[in-house]
Amino acid sequence: MFDDLRDLYQELILDHGLKPRNFRRPEDANRHAKGDNPMCGDRMELALKLDGEVVTDLGFQGRGCAISMASASLMTETVKGKTLAQAHQLSDSFRALAMTGSCPECGAELADEMERLQPLAGVHEFPSRVKCATLAWHTLNAALDGSKEASSE
Ligand code: ZN
């Protein structure tokens, strides 16, 4: 799977894909959403704790390809502790990154987080895998917006 990807970041993606971080359901979560990418068979459930304007904890469970699991793992690591506005900004920025390979609009405020997500930028060369990478972020948006289902569109 994803044999075409030949870059320095492959190892990190595989590491997160095989051993996803925050693969759990936070007990006091108050926002939930499900994500589904039927093109690849990736499915996940995201649960997060929103305390006022801050995402204090989040975790996901599900199964799918290494890209979808790695993306969800990295998403939970970068979004934890962020405000709603920052989480939405990261989501927009990541989708630009996954679709085009770069994010000229991404501001300096979240530069460290975007650097952490950079390993997934390579998916823009593989259009069929972009949805694998963005599924976790669509699901995050759905959870933050309070809707139950995230589409992969
Ligand atoms: Zn996938």
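Couple of notes before you dig in:
- For the range 67-104, applying the loop criterion from DSSP together with a ceiling of 14 other beta carbons within 10 Å to the trypsin sites (Lys or Arg not before Pro) yields no site.
- Shown are 105, 77, whose ranking by accessible area with a 1.4 Å probe and every protein chain present, most to least, is 105, 77.
- Mean separation of Cα contacts under 8 Å (6+ apart) over length of the chain, as relative contact order %: 28 percent
- Helical segments meeting 15 Å axial Cα length and Kyte-Doolittle -1.0 threshold in the chain (DSSP H): 66-79, 84-100, 127-145
- Charge sum, other residues only, whose C-beta stays under 14 Å from residue 96's C-beta, Lys/Arg counted +1 and Asp/Glu -1: -2
- Counting Lys and Arg as +1 and Asp and Glu as -1 over every other residue whose Cβ lies under 11 Å from the Cβ of residue 68, the net charge comes to +2.
- Scanning the chain for cysteines with no neighbouring cysteine C-beta under 4.7 angstrom from their C-beta gives 40, 65, 132.
- Oblate is the label for the range 56-138. Its Cα gyration tensor axes, ordered a ≥ b ≥ c, give a/c of at least 1.5 and b/c at or above a/b.
- Per residue, the chain exposes an accessible area of 50 Å² to a 1.4 Å probe, with every protein chain left in place.
- Summed over qualifying helices (DSSP H, 4 residues or more, each -39500 (n - 2.57)) and divided by its residue number, the chain shows a 222 nm mean residue ellipticity of -13500 deg cm²/dmol.
- Loop-resident chymotrypsin sites (Phe, Trp or Tyr not before Pro) (DSSP state other than H, G, I, E or B) in the range 1-98 with no more than 14 further Cβ atoms inside 10 Å of their Cβ: 9.
- Cα shape, the range 18-92, gyration tensor, a/c 1.5 rule: prolate
- Convex hull of Cα atoms in the chain, direction-averaged projection (nm²): 8.0 nm²
- With every protein chain in place, the range 29-122: carbon and sulfur % of accessible area (1.4 Å): 47 percent
- Lys/Arg +1, Asp/Glu -1 at C-beta; the chain dipole; positive extreme among 120, 47, 84: 47
- About the centre of its Cα atoms, the range 2-151 shows a dipole size close to 480 debye [charges on the beta carbon of Lys, Arg (+1) and Asp, Glu (-1) only; nearest 20 debye].
The values are calculated or read from the model by the stated rules, or taken from the named source; none is laboratory data. The structure presented is a predicted model; accordingly, all values stated were derived computationally and were not measured. Positions of Cβ are backbone-derived with ideal geometry, glycine not excepted, and every protein chain shown enters the neighbour counts. With ligands, DNA and RNA removed, areas are computed over all heavy atoms of the protein, side chains included. Shrake-Rupley method; radii C 1.70, N 1.55, O 1.52, S 1.80 Å.
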